[in-house]
Amino acid sequence: MTAPLEAFITITGRSWNSHETRVIARLVRLLVVEDDIKMAALVRRGLIEEGAAVDVAQSGEDALWLAASAPYDAVVLDVMLPGIDGFETCRRLRDDGVWTPVLLLTARDSVEDRVAGLDGGADDYLTKPFSFAELSARLRALVRRGQRERPAVLEVGSLRLDPATRQAWRGGEAVELSTKEFALLEAFMRRPGEVLSRLELLEHAWDFGYENRSNVIDVYVRYLRQKVDRPFGLDSIETVRGAGYRLRADGGKT
C-alpha cells in the first residue's frame, strides 16, 4: 500500500461503550480478514478499543477455517486477498452453512463489484477510504441483526431459485417464469412449510394498485403449478382452505 493508512481510515473517539452509542452488554467477537498487516492491525486496534474481541486472518483460506471453528458475531472481509478473494471466500462461507454477517471492505467501488459481493452472500459493503466511525456503526447494525440463514440460492426439495440471476430449476431442468411467477415462487421458497395468505403474497409481488379482493393470486398460483409441478408429476403448492397457500417443506410429492 503506497498511501498512508490515515488516507484509508479516519478514526474518531466514538466508542461502542461511550454514552454516544448503544452499549453492547456482552463481549462481541469479530473476525477481520485483511492481508495488509498494518491495515489489519489498525482496524483490530480500533475495534478492541471499542470493547470487541478481534481475531485476524490474512487469507481467505484462513478465514474459512476460523469462521467455521468459532462463533463470530460479524466478519470484516477485504476483497483483494491472496489466493481466493473476498467474493469467493464469502460464497464458500455461505456454502459451508456459516451465516455470520459479513461486511466487505475494499477499494473497488464499482456498482458491478458491490452487486457481486452482495449477491454472493455479503450483508454490507464499505469502500476505502472509509471512516472508522462508519465501519463501527455498520458492524453494530450487523451484530444487532444476528445470524440467520439467507442463502444466495434458495432450495426447497428439488426446487432451486436464484434471485440474483432470476433463474429457477426443478431438479436439473430450467423453468421459465414470468416476473410475477418468479416473485410468488420466491415468496413461497423463503418460507417453506408456512401458510401464506393471499394478502401476504399480493404484497410481495404486486404494488398497492391491486385490491385484496382480486383473484390474481389464485390465477398465478395456478400458473406456477402448471410450470413447477405438473410437468414433473409433483404437487408442491398446497391450498389451505380459508387461509391461503403453502409450499411443502419437502418441495413436492408424487
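The values are calculated or read from the model by the stated rules, or taken from the named source; none is laboratory data. Since the structure is predicted, the reported quantities are computational estimates derived from the model, not experimental observations. In this analysis, Cβ positions are derived from the backbone assuming ideal geometry, glycine residues included, and neighbour counts consider all displayed protein chains.
Kindly list the number of the only condition in (1) modelled with pLDDT under 90; (2) within 27 Å of Phe87 (Cα to Cα); (3) among the polar types (S, T, N, Q) that fails for Ser158.
(1)
Answer with yes or no whether Ala187 is free of Cβ contacts under 8 Å to residues at least 24 places away in the same chain, part of a helix (DSSP H, G or I) and in contact with a helix residue (DSSP H, G or I) (Cβ under 6 Å, 6 or more places away or on another chain).
Yes; evaluated as a whole, the condition is true for this residue.
Restricting the first residue to region 89-115 and requiring it to be on the phi > 0 side of the Ramachandran plot and free of Cβ contacts under 8 Å to residues at least 40 places away in the same chain, which pairs with a second residue that is part of a loop (DSSP other than H, G, I, E, B) and among the basic types (Lys, Arg) meet a Cβ separation below 9 Å and a spacing of at least six or different chains?
none
Would you pick out the residues in region 114-133 that are part of a loop (DSSP other than H, G, I, E, B) and under 10 Å from the mean Cα position of the chain (by Cα)?
Within region 114-133, Gly120, Gly121, Ala122, Asp123 meet the criteria.
Can you tell me which residue within region 100-120, out of those that are at pLDDT 85 or above and either touching a Lys or Arg at 6+ places or on another chain (Cβ under 9 Å) or in the same structural domain as Arg166 (by TED's automatic domain parsing) (or both), is nearest to Val43 (Cα to Cα)?
Leu105
Let's see how each residue does on (1) more than 15 Å from Asp78 (Cβ to Cβ); (2) in contact with a strand residue (DSSP E or B) (Cβ under 6 Å, 6 or more places away or on another chain):
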| position | (1), (2) |
| --- | --- |
| Leu103 | no, yes |
| Arg108 | no, no |
| Val111 | yes, no |
| Phe130 | no, no |
| Arg140 | yes, no |
| Asp162 | yes, no |
| Arg166 | yes, no |
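Of the numbered conditions (1) buried (at least 20 other Cβ atoms within 10 Å of the Cβ); (2) modelled with pLDDT of 80 or more; (3) under 28 Å from Trp99 (Cβ atoms); (4) outside the structural domain of Gly120 (by TED's automatic domain parsing), Leu135 fails exactly one; give the number of that condition.
(4)
Taking the condition at pLDDT 90 or above, among the hydrophobic types (A, V, I, L, M, F, W, C) and touching a helix residue (DSSP H, G or I) at 6+ places or on another chain (Cβ under 9 Å), does Val175 pass?
yes
Across region 92-113, what is the total count of residues that are in a helix (DSSP H, G or I) and buried (at least 17 other Cβ atoms within 10 Å of the Cβ)?
Total satisfying the criteria: 4.
Table: residues versus (1) surrounded by 18 or more Cβ atoms within 10 Å (Cβ to Cβ); (2) at pLDDT 90 or above; (3) under 24 Å from Asp96 (Cβ atoms); (4) in contact with a Cys (Cβ under 9 Å, 6 or more places away or on another chain).
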site: Met39; (1), (2), (3), (4): yes, yes, no, no
site: Gly51; (1), (2), (3), (4): no, no, no, no
site: Val56; (1), (2), (3), (4): yes, yes, yes, no
site: Ser59; (1), (2), (3), (4): no, yes, yes, no
site: Leu64; (1), (2), (3), (4): yes, yes, yes, no
site: Ala67; (1), (2), (3), (4): yes, yes, yes, no
